[in-house]
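Peer 1: The structure is given below, and queries will be raised subsequently.
What follows is calculated from the coordinates using simple rules that are stated; it is not laboratory data. A quick note: this is a predicted structure, and the numbers were derived from the prediction, not measured. Cβ: placed from backbone, ideal geometry, glycine included. Neighbour counts: every protein chain shown.
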């Protein structure tokens with residue numbers, strides 16, 4: 001009995017946080033795109049919110065550059081059935097020639113959810129819908145022992161997927177006879193100007209649809225903090241490949257605390273307010289401090305050593321990874337090396353796919369389901385003092401928890417700034 | 001008396017009873033004329049089956065016969081399942097696998113189901129427990145069914161007329177003149193009953209779904225079977 005209770009209490013594994021640190025490439029090239037953190041950014045397909053945190057003094061600069069170089073992103077909320085995807089006009093325009101991102105409405109643990117990216121349509125179905133569909137699929141990763149959920153993966157760009165071919169006609173038959181209901185979808189054309197500057201100006205309508213669509217435009221909202229808040233100290237030793245287990249553990253503790261601080265900043269928490277006075281019985285939260293390495297920003301009447309203003313620029317909506325990649329590279333260019341910034345990207349809770357096309361489970365019910373990542377660039381000249389003899393010369397290899405790092409060349413001369421990346425992954429997600 | 005017209009057996013008897021014509025005729029009429037002669041028994045004894053299963057079956061049949069009467073039966077034994085399979089007794093020949101052949105059967109079935117269900121459907125197609133019981137006991141040979149749900153994706157959407165209803169499967173003939181064996185287990189079948197011509201013009205047919213998993217009985221056994229209302233279990 002006790003065992004059973006124990007089992008129930010820990011039904012699902014806890015969410016995991018993977019911490020990666022390394023050097024950002026100094027120059028952007030095609031080869032750097034295959035390195036972290038770029039692979040993570042591009043691999044996380046369905047994103048609903050991007051928060052960019054910056055020190056207040058560089059906010060205006062970044063903001064100006066962003067509005068100069070970044071066009072507002074457009075996406076649509078549309079109503080259509082699965083059949084409409086295969087209609088000639090829509091299919092030829094957006095799947096054969098163009099590139100779109102689609103995500104249907106619904107909860108991934110109880111509803112049928114469909115999504116499309118890169119020309120591949122994924123149907124995440126309940127068992128009974130799957131058995132009615134008449135299309136070959138696979139058991140989903142989160143179907144449980146009773147095989148309650150199934151995935152049908154259809155690459156619509158394959159050469160045989162043409163009107164009139166047998167496999168295609170079967171799809172049409174299934175979508176007209178079985179999947180009759182209309183769904184709400186989010187639609188984003190990846191060939192629009194905001195992502196691909198060479199593309200033709202995007203039209204405000206979606207071609208080949210009968211029902212009217214709702215167009216939305218994503219523009220960043222900027223929140224400047226009115227009062228200075230408690231800053232965390234960013235100084236810490238970054239472990240290398242040959243660091244001891246102890247140094248690593250200390251580093252992970254530190255990184256987790258830093259992540260917590262970033263999260264508190266992004267929600268503008270009261271605990272970070274300089275004038276905040278909370279009973280220590282209720283909260284004993286203190287931002288990270290580093291007593292050995294005193295960095296004074298403003299030592300005024302306040303008893304708190306580090307304080308400053310922080311601004312937040314955030315985007316909300318249906319944001320494709322390509323757009324985030326653009327934001328990231330612009331910010332990376334603009335922000336000077338002695339300044340810090342952090343980008344937090346929240347994935348869709350009900351996106352069936354995240355983390356490089358791997359399946360994603362629902363939130364809650366012991367299933368995990370978190371999918372968000374934060375990239376934090378450390379200010380230069382800040383942490384080097386505490387690195388000491390541990391990091392020798394240019395041999396600043398990446399250190400990755402979970403062993404998924406990239407090995408950087410030893411004799412690389414120009415080394416970019418250091419970054420830390422946190423990837424919060426649901427305990428049961430396929431991303432391991 | 002013309003002996004040349006006589007059957008061979010009778011003339012033989014006349015030779016055996018040269019003095020008594022009446023006796024020979026009597027024996028012929030009582031013992032020989034119109035008596036079946038079993039050829040099978042002769043061949044069965046020569047072809048010995050050495051298979052375990054066949055031996056068990058022979059033993060079982062012998063035991064059964066012993067109980068019924070002490071005399072060994074002269075009747076031929078029924079074919080075993082294996083023999084039936086080897087002979088293809090129940091196979092539908094290629095020339096009979098035509099949808100057009102079974103279309104009249106389908107019409108006949110519709111008439112039959114109308115007869116059974118007479119008056120049990122309301123005007124708007126509502127029906128009660130009694131209708132369900134009648135449908136359960138009904139014969140489905142000739143019904144046009146469509147597979148709407150199955151564990152095997154390629155079987156979904158198959159549509160045709162039932163030509164054979166075995167315990168575990170429906171055998172149907174599709175419009176493309178193909179024979180398909182569809183297992184009842186893990187499938188849901190859909191069939192339509194059009195309204196009789198007399199009711200009203202252009203009425204939508206009654207569409208019913210049949211859960212094959214709960215229908216795994218022989219057509220003949222099903223007649224007297226009581227079906228209980230069950231919760232919709234998972235396939």
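Peer 1: Within 10 Å of each Cβ in B:142-151, how many Cβ atoms from other chains are there, averaged over the peptide?
Peer 2: Average neighbour count from other chains, rounded to a whole number: 2.
Peer 1: Let me ask something else about it. Considering only C-alpha atoms, what is the centroid distance from region B:92-156 to region A:215-238, in Å?
Peer 2: That distance is 68 Å.
Peer 1: So if the hydrodynamic radius of region B:94-222 is defined as the Kirkwood radius over C-alpha pairs, what does Stokes-Einstein give as its diffusion coefficient at 25 °C and 0.890 mPa s, in µm² per second? Write down the numbers at each step before the final one.
Peer 2: Values: Rh = 15.2 Å.
Result for D is 161 µm²/s.
Peer 1: On to the next question. Based on the mean of other Cβ atoms within 10 Å per residue, sort peptides B:86-92, A:334-340 so the most packed one is first.
Peer 2: Put in order of decreasing packing, that is A:334-340, B:86-92.
Peer 1: Can you tell me the order of A:165-175, A:314-324, A:95-105 when each peptide is scored by its average per-residue count of other Cβ atoms within 10 angstrom, highest first?
Peer 2: A:314-324, A:95-105, A:165-175
Peer 1: Here is a further query. What is the distance in Å between the Cα centroid of region A:94-124 and that of region A:129-175?
Peer 2: 12
Peer 1: Shifting gears a bit: Is there a simple number for the mean count of other chain Cβ atoms within 10 Å of the Cβ of residues in B:153-164, and what is it?
Peer 2: Values: counts 12, 4, 1, 11, 8, 1, 0, 0, 0, 0, 0, 0.
Mean number of neighbouring Cβ atoms from other chains: 3.
Peer 1: Under the definition of partner shielding as Cβ atoms of other protein chains within 10 Å of a residue Cβ, what is the mean value for peptide A:127-136?
Peer 2: Per residue, the number of nearby Cβ atoms from other chains is 5 on average.
Peer 1: What is the fewest-to-most order of A:311, B:120 by other Cβ atoms lying within 10 Å of their Cβ?
Peer 2: Ascending number of Cβ neighbours within 10 Å: B:120, A:311.
Peer 1: Going highest first, how would you order B:156-163, A:82-89 by mean Cβ packing within 10 Å?
Peer 2: For the peptides B:156-163, A:82-89, the packing ranking is B:156-163, A:82-89.
Peer 1: Please order A:346, A:44, B:14 by the number of other Cβ within 10 Å, starting at the fewest. Kindly include the intermediate steps, with their values, before the conclusion.
Peer 2: Working: A:346 20, A:44 26, B:14 17.
Taking fewest neighbouring Cβ atoms as first place, the list is B:14, A:346, A:44.
Peer 1: Evaluate Rg over Rh across region A:74-218, taking Cα atoms for both radii and Kirkwood's formula for Rh. Don't jump to the answer; show the numbers that get you there.
Peer 2: Details: Rg = 15.5 Å, Rh = 15.9 Å.
Using only Cα positions, Rg/Rh for region A:74-218 is 0.97.
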